[in-house]
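> My questions all concern the structure below.
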Amino acid sequence: MRIHRVQSRCMDCGHTFEFHPLTARCPRCGSEWLQAEYDYDLARDRWLRQLADRPFNLWRYHELLPVQHAPPPIDLGVGGTPLLSSVHLTQMLKLPHLYIKDERQSPTSSFKDRQAAVTIAALQESGLTEMVVASTGNVAIAYSAYAARAGIKLWAFLTSLVPQEKMREVAIYGTQVVKVTASYDEAKQIAAEFARQRGLYIDRGARSIPTVESMKTLAFEISEQLTRQHPESRYGGLPWRAPDWYLQAVSGGLGPIGVAKGFRELYRMGLIDRMPKLGIVQAEGCSPMVQAWQKGQAQADPIPRPRTHITTLATGNPGRSYTLLYEYVREHGGTFVAVSDEEAFRAMHTLAKMEGLSMEPAAAVAFAGLIKLVREGVIQPHETVVVNCSGHTMPIESHILGERWARHVVVARRQEQAPAETTPLGAPQEGLLAALSTIATERYPRILIVDDHEPARILLRRILQSLGDYTILEAEDGYQALEMAQQDPPDLIILDLMMPGLDGFSVLDSLKSHPATAHIPVIVVTAKTLTTEEQRRLRRMARLMYKGEFLSDEFFEEIRGLLEQTR
Ligand SMILES: Cc1ncc(COP(=O)(O)O)c(C=O)c1O
Ligand SMILES: [Zn+2]
């Protein structure tokens, strides 16, 4: 329990007045664009002395949140999500400092829990009992959970494009679901009119103070987590560390607006000494921000009919939110980038198979943007990058998986099956084994991975495991590789060049000079910068691929092509 002062400052006329969650306009000029301000000296002082002893959750930053009681009774354990180091994408992109803020691990599985928790806490403190949201799904789900705990009746306006699974998730919390057959922007207008007529509170996105304030906590957590992971590299003696980039998939832009405010506050308090660049990623079919950015405009032209399957990101008219982000990016760096639905679905598969993170297509948009920005050289290899993994998959829509995603085992039931006592205990039942044998009837191609570096072997092994049926063999050096290849020649060899002892060039020469191994196709995978002569020499004998220049599925295509040629 604590009392602190929160001020609202009008972004248009500068007027400052006491914050109240239900005050939606500046009393002087009528602007809806208000921003919260706090006593930053007090917050800095308390944080430096007390944070180490507070639990790692969103409420540890309560001095800079518009609530009076923290944690509030409605809390579901929001915030404090892990900052994961990437294991495989980091290698595939040659981006050693890649981190993933795993917001899937929030109470309702998306980063919108922050928004709902802080807003509902503030509203409950003001005694409010009914409210309205318009949503593409996740906001409504998050609000529904906290509204249930706060005893607040919630009206959720969802466009009919929201997947059925998500709509039902909203409904199970007892929310009043209003399905609107129109675009998301239109649904928002209808919800706003409904709220106006009934005098109800409505979440107005970046114009609502609790909403923006909640997203700041991402910046606070990320900075603290990076500092903990790199205690040796504190900048200029400052206690906290900011990343070089924050990347997020964006619809209305609330996330990055809040995150930007969070970093500004840390900077103002002297806790960080640089502002991160923002990577704003949108789905191509609904990318008003990217289009405006490319034209150098400070205002975005609305997209009346978004064309993307990724309905979570369906804000066609971002309004002033774009302008705020545009100004930030002009001042501190960053960019706006669009990715196709296909690129997003591909990134979704890659992240599930290679990092163990199953996320919804909207979250995958951020990763598709990451891949694009790294390949275009906009994100540099030495930079520290944090990507917001903003939401978990609801039941996967089948069109995303494609065919052959499961194997089917049918156990035959024979009428005349013997009674249980005639089957000796422990002996496998014939029917079961016969059924299982249908899974593994073929001999799988045998692939030998040769690399002295263990993480590189694990990466290649994982690619092969996740994308096809292979028997995978591994050698840690050139001698072991030659021995294995000669004893029982594999169908394909994946070969590193720089290895102690016998290097890849020598292994290749030796393989090609022995009749038993000369025919085996070889893919050289290397991080070495090769001379023209070396390249020519290698290309005569093998395929050549450069580490850090291919993703899992591209590598797999290469393998599949080579194996088919040798059949
Ligand atoms: C999973 C997920 N990612 C990203 C976004 C985009 O968020 P923002 O409001 O910051 O544009 C949303 C919005 O609902 C979302 O649910
Ligand atoms: Zn004003």
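> Do the conditions hold for residue 326, that is, is it more than 10 Å from ligand 1 (Cβ to nearest atom), outside any loop (DSSP other than H, G, I, E, B) and free of Cβ contacts under 8 Å to residues at least 40 places away in the same chain?
On the way: more than 10 Å from ligand 1 (Cβ to nearest atom): yes; outside any loop (DSSP other than H, G, I, E, B): yes; free of Cβ contacts under 8 Å to residues at least 40 places away in the same chain: yes.
Here the answer is yes, as residue 326 does meet what is asked.
> Now a separate question. Which pairs do you get when a residue that is charged (D, E, K, R), found in the stretch 178-207, comes within reach of a residue that is within 16 Å of ligand 2 (Cβ to nearest atom) and assigned to a strand (DSSP E or B), reach meaning Cβ atoms under 6 angstrom, with the pair 6+ apart or on two chains?
Listed pairs, sorted by first residue: none to list.
> Which residues, counting only those in the stretch 1-26, are open to solvent by 30 Å² or more (accessible area, probe 1.4 Å), under 20 Å from residue 195 (Cβ atoms) and within 13 Å of ligand 2 (Cβ to nearest atom)?
Hits for the stretch 1-26 are 23, 24, 25.
> Now for a separate question. Quickly run through the stretch 48-67 and pick out the residues that are touching a helix residue (DSSP H, G or I) at 6+ places or on another chain (Cβ under 7 Å), more than 21 Å from residue 119 (Cβ to Cβ) and part of a helix (DSSP H, G or I). Spell out the reasoning first.
Initially, the stretch 48-67 is screened for residues touching a helix residue (DSSP H, G or I) at 6+ places or on another chain (Cβ under 7 Å), giving 51, 54, 58, 60-61, 63-67.
Among the residues that remain, those that are also more than 21 Å from residue 119 (Cβ to Cβ) are: 51, 54.
Matches in the stretch 48-67: 51 only.
> Would you say residue 178 is farther than 23 Å from residue 118 by Cβ, of a type in the set (Val, Ile, Thr) and in a loop (DSSP other than H, G, I, E, B)? I'd like the intermediate steps shown before the answer.
Numbers: farther than 23 Å from residue 118 by Cβ: yes; of a type in the set (Val, Ile, Thr): yes; in a loop (DSSP other than H, G, I, E, B): no.
Here the answer is no, as residue 178 does not meet what is asked.
> Here are 84, 64: which of them is over 21 Å from residue 123 (Cβ atoms) and either more than 16 Å from ligand 2 (Cβ to nearest atom) or surrounded by 21 or more Cβ atoms within 10 Å (Cβ to Cβ) (or both)? Before the answer, list the steps.
Values: 64 fails: over 21 Å from residue 123 (Cβ atoms).
Only one candidate passes the filter, namely 84.
> If residue 72 meets every condition in (1) assigned to a helix (DSSP H, G or I); (2) surrounded by 19 or more Cβ atoms within 10 Å (Cβ to Cβ); (3) free of Cβ contacts under 8 Å to residues at least 60 places away in the same chain apart from one, which number is that one?
(1)
> Sticking with this one: Please go through the stretch 178-189 and pick out each residue that is crowded, with 17+ Cβ neighbours inside 10 Å and in contact with a strand residue (DSSP E or B) (Cβ under 6 Å, 6 or more places away or on another chain).
Residues satisfying the conditions are 180, 184, 187, 188.
> Can you name every one of the helices (runs of 4 or more DSSP H) wholly within the stretch 438-521 that holds 1 or more residues which are modelled with pLDDT under 95 and charged (D, E, K, R)? Quick ask: steps written out before the conclusion?
Numbers: elements: 454-467, 478-487, 504-513.
Ranges flagged: 454-467.
> Sticking with this structure for a sec: Report whether or not residue 555 is of a type outside the set (Gly, Ala, Ser), open to solvent by less than 20 Å² (accessible area, probe 1.4 Å) and in a helix (DSSP H, G or I). Reasoning before the result, please.
On the way: of a type outside the set (Gly, Ala, Ser): yes; open to solvent by less than 20 Å² (accessible area, probe 1.4 Å): yes; in a helix (DSSP H, G or I): yes.
Taking the combined requirement at face value, the residue satisfies it.
Residue-by-condition table, conditions (1) in contact with an Asp or Glu (Cβ under 6 Å, 6 or more places away or on another chain); (2) within 28 Å of residue 382 (Cα to Cα); (3) within 16 Å of ligand 1 (Cβ to nearest atom):
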residue	(1), (2), (3)
251	no, no, yes
257	no, yes, yes
266	no, yes, no
275	no, yes, no
279	no, yes, yes
282	no, yes, yes
302	no, no, yes
306	no, no, yes
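> Then there is this: Assigned to a helix (DSSP H, G or I), in contact with a Lys or Arg (Cβ under 8 Å, 6 or more places away or on another chain), under 30 Å from residue 180 (Cα atoms) and at pLDDT 95 or above: which single residue out of 262, 285, 255 fits that description? Before you say what the answer is, go through the steps one by one.
Working: 262 fails: under 30 Å from residue 180 (Cα atoms); 255 fails: in contact with a Lys or Arg (Cβ under 8 Å, 6 or more places away or on another chain).
285 is the lone residue from the list that is assigned to a helix (DSSP H, G or I), in contact with a Lys or Arg (Cβ under 8 Å, 6 or more places away or on another chain), under 30 Å from residue 180 (Cα atoms) and at pLDDT 95 or above.
> Oh, and also: Among all residue pairs at least 6 apart or on different chains, which show Cβ distances below 9 Å where the first residue, located in the stretch 124-145, is on the phi < 0 side of the Ramachandran plot and open to solvent by 10 Å² or more (accessible area, probe 1.4 Å) and the second is of a type in the set (Lys, Arg) and within 16 Å of ligand 2 (Cβ to nearest atom)?
Going by the 9 Å Cβ cut-off, there are no qualifying pairs.
> For the structure I just gave you, tell me whether residue 235 is at pLDDT below 95 and either within 16 Å of ligand 2 (Cβ to nearest atom) or surrounded by fewer than 24 Cβ atoms within 10 Å (Cβ to Cβ) (or both).
Values: at pLDDT below 95: yes; either within 16 Å of ligand 2 (Cβ to nearest atom) or surrounded by fewer than 24 Cβ atoms within 10 Å (Cβ to Cβ) (or both): yes.
Here the answer is yes, as residue 235 does meet what is asked.
The values are calculated or read from the model by the stated rules, or taken from the named source; none is laboratory data. It should be emphasised that the depicted structure is a prediction, and the values quoted were computed from it without experimental measurement. Neighbour counts run over all protein chains shown; Cβ positions are idealised from the backbone, glycine included. Protein only, heavy atoms only, side chains kept; ligands, DNA and RNA dropped before computing areas. Shrake-Rupley method; radii C 1.70, N 1.55, O 1.52, S 1.80 Å.
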